[in-house]
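Enquirer: Pasting in a structure now, in structure tokens, and then I'll have a few things to ask.
What follows draws every value from the coordinates through simple rules; no lab data is involved. Because the structure is a prediction, the values reported are computed rather than measured. Backbone-built Cβ (ideal geometry, glycine too); neighbour counts: all protein chains shown.
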Amino acid sequence: MMEGALLVTVVIPTHNRCRLLARLLASLSAQTLDPGQFEVIVVHNHTDDGTEAMARQWCDVQPFRARYFRKAYSGPARSRAFGASLAQGACMAFIDDDCEATPDWLRCGVAAFAEGTDAGETTVGLVQGSTLPMPGQRRPFLSKTIDIPGPTVFYETCNIFYRRSAFEAVGGFSEDFLDRFYGEDTDLGWKLVQAGYAGRFAPAARVHHEIFHVSLYQWLTEPLHFRNLPHLVKKYPRLREHMYMRYFISRDSLLFNLLPLALLLAPVAGPAALALTLPYFAERYRNGGHVRQLHFRLLRACAGVPRGAFAWWALVRGSWRAKALLL
């Protein structure tokens, strides 16, 4: 078990999600970890949606220490960094306001720092928990959620624990990512890996993530967040080893490059050039297993073309700026 009486500080950035935050806070009130062993810090990028009154009232009646802070940051990264600067726990647990923690979340996350450590093994600096789509919610074709059933190399802050001494030893969140939307969590995780800290995955430290219904525009443009990935693989060369064939973010992204190649060859090869596109559509169909209806699954395969184009553009732009190729 971790050293010190206060085991863990929960840090929650929030913005314009009063209802979802209330659900998360209710799940923290139901934690099986002793209330004297954790605290909660809510950092609100202020909106007039009732969040402040709700969160302050919740903080006032908890058996554990709970604090609310009103801020005007441009994104969640600075909120997390601010909350971390106030943390008193031996470790910190980051969770997002669109998640709901299971009752054993904190207990299992904290316990994982001590599990499986042998004499002479490097210090466990971080623990990833599992994040699954909210049970009972429909997952339509145009939707957004997070599904992390196992360890990843992106160290998503929707559900992750850091040993506070390790977090402070590497300087916390990097300044060059505090005002970037996307990538600050991956950067932080790799800072610890690069510093020699070990990581763990605790499947029982589970949270559930909201399934959002999104517009077609939101669904198509979501991959624009990939623009920061080339910078990350340049900054942390070992991260490139986890990319598909080192230079692609996935098999899907590799095969997408066959589409512009087919267009280039079409004037010479004619309709036969279209055969180059088949592996991409087959891959899109294969990895769309979560879409049960056949017609929607076929639609997903075709809709991948404009969505893939946004991802390709984001990666090309990011690669040019970082001077590090990743497609």
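Enquirer: Skipping prolines and chain starts, which residues have an amide H placed within reach, meaning under 5 Å, of the one on I95, given they are 5 or more residues away or on another chain?
Expert: Residues meeting the amide H criterion: V11.
Enquirer: Work out the FRET efficiency for N16 and R238 from their Cβ-Cβ distance, taking R0 = 35 Å, and round it to the nearest 0.05.
Expert: Using R0 = 35 Å, I get an efficiency of 0.45.
Enquirer: Percent of alpha carbon pairs in the range 212-282 separated by more than 19 Å?
Expert: 54 percent
Enquirer: Would you please give the FRET efficiency between F281 and A195, computed as 1/(1 + (r/R0)^6) with r the Cβ-Cβ distance and R0 = 35 Å, to the nearest 0.05? Numbers along the way, then the final one.
Expert: Values: r = 43 Å, r/R0 = 1.22.
After rounding to 0.05, the efficiency reads 0.25.
Enquirer: In the range 8-213, if the dipole is taken from +1 on Lys/Arg beta carbons and -1 on Asp/Glu beta carbons about the Cα centre, which of S130, F173, G196 is farthest to the positive end?
Expert: S130
Enquirer: Here is a further query. Could you go through the range 9-21 in sequence order and give the Karplus-derived ³J(HN,Hα) for each residue, using 6.51 cos²θ - 1.76 cosθ + 1.60 with θ = phi - 60°, rounded to whole Hz, and x for Gly and Pro?
Expert: After applying 6.51 cos²θ - 1.76 cosθ + 1.60, I find 10, 8, 10, 10, x, 8, 7, 6, 9, 4, 5, 5, 4 Hz.
Enquirer: Percent of Cα-Cα pairs per 5 Å bin, from 0 to the last occupied bin, for the range 8-213, please list those.
Expert: Going from the shortest bin to the longest, the percentages are 1, 8, 16, 21, 22, 17, 10, 4, 1, 0, 0.
Enquirer: While we're on this one: Quick one: Debye curve from the alpha-carbon atoms of the range 166-220 only, equal weights, vacuum; give me log10 I(q)/I(0) at q = 0.13, 0.25 Å⁻¹ to two decimals.
Expert: Computed log10 I(q)/I(0) values: -0.54, -1.00.
Enquirer: Given the pairs K234/K323; K144/K235; K191/K234; K144/K191, which are separated by over 18 angstrom at their Cα positions?
Expert: From K234/K323; K144/K235; K191/K234; K144/K191, over 18 Å: K144/K235; K144/K191.
Enquirer: Full-extension gain between H225 and R246, please, as 0.36 nm times their residue separation minus the C-alpha to C-alpha distance. It would help to have the intermediate numbers written out before the result.
Expert: Working: separation 21, 0.36 × 21 = 7.56 nm, distance 1.93 nm.
Stretched fully, the H225-R246 segment lengthens by 5.6 nm.
Enquirer: Counting other beta carbons within 10 Å of each Cβ, put I148, I41 in order, fewest first.
Expert: I148, I41
Enquirer: If packing is taken as the average count of other Cβ atoms within 10 Å, what order do 11-20, 312-321 fall into, highest mean first?
Expert: Ranking the peptides 11-20, 312-321 by packing returns 11-20, 312-321.
Enquirer: Then there is this: On a 0 to 90 degree scale, rounded to 10, what angle separates helix 51-60 from the longest Cα axis of the chain?
Expert: On a 0 to 90 degree scale, this one is about 40.
Enquirer: Hey, what do the phi angles of the range 85-97 turn into as Karplus ³J(HN,Hα) couplings, whole Hz, using 6.51/-1.76/1.60 and θ = phi - 60°, x for Gly and Pro?
Expert: 5, 9, 5, 10, x, 5, 9, 10, 10, 9, 8, 9, 6
Enquirer: Counting other C-beta atoms within 10 Å, which of L229, L6 has the fewest, and how do the rest follow?
Expert: L6, L229
Enquirer: Answer with one residue from M92, F113, A66: the one whose Cα lies farthest towards the positive end of the charge dipole of the range 8-213, charges on Cβ with Lys, Arg +1 and Asp, Glu -1.
Expert: Ranked along the dipole, the leading option is A66.
Enquirer: While we're on this one: Any idea how far apart A272 and K144 come out in nm if each label point goes 7 Å out from Cα toward Cβ?
Expert: Those two pseudo-labels are separated by 4.4 nm.
Enquirer: Moving on to the next point. With θ set to phi - 60°, apply the Karplus curve 6.51 cos²θ - 1.76 cosθ + 1.60 along the range 233-250 and write out the HN-Hα couplings as whole Hz, x wherever there is a Gly or Pro.
Expert: 6, 6, 6, 10, x, 5, 5, 4, 4, 9, 7, 5, 6, 6, 10, 9, 6, 6
Enquirer: Another question about this same structure. Ignoring everything except DSSP H segments at least 4 long, calculate the 222 nm mean residue ellipticity for the chain; use -39,500 (n - 2.57) per segment, divide by total residues, nearest 500.
Expert: Mean residue ellipticity at 222 nm (helix-derived): -11500 deg cm²/dmol.
Enquirer: Something else now. Between the range 224-279 and the range 297-327, what's the alpha-carbon centroid distance in Å?
Expert: Between the Cα centres of the range 224-279 and the range 297-327 lies a distance of 8 Å.
Enquirer: Could you name the aspartates and glutamates whose alpha carbon sits less than 17 Å from that of K71, not counting residues in the same chain fewer than 8 places away?
Expert: D48, D49, E52, D96, D97, D179
Enquirer: Still on this structure: Two decimals, Cα atoms only, Kirkwood Rh: what is Rg/Rh over the range 239-322? Write down the numbers at each step before the final one.
Expert: Numbers: Rg = 14.2 Å, Rh = 14.0 Å.
A ratio of 1.01.
Enquirer: So how strong a dipole does the range 239-322 carry about its Cα centre when Lys and Arg Cβ are +1 and Asp and Glu Cβ are -1, to the nearest 20 debye?
Expert: It comes to approximately 240 debye.
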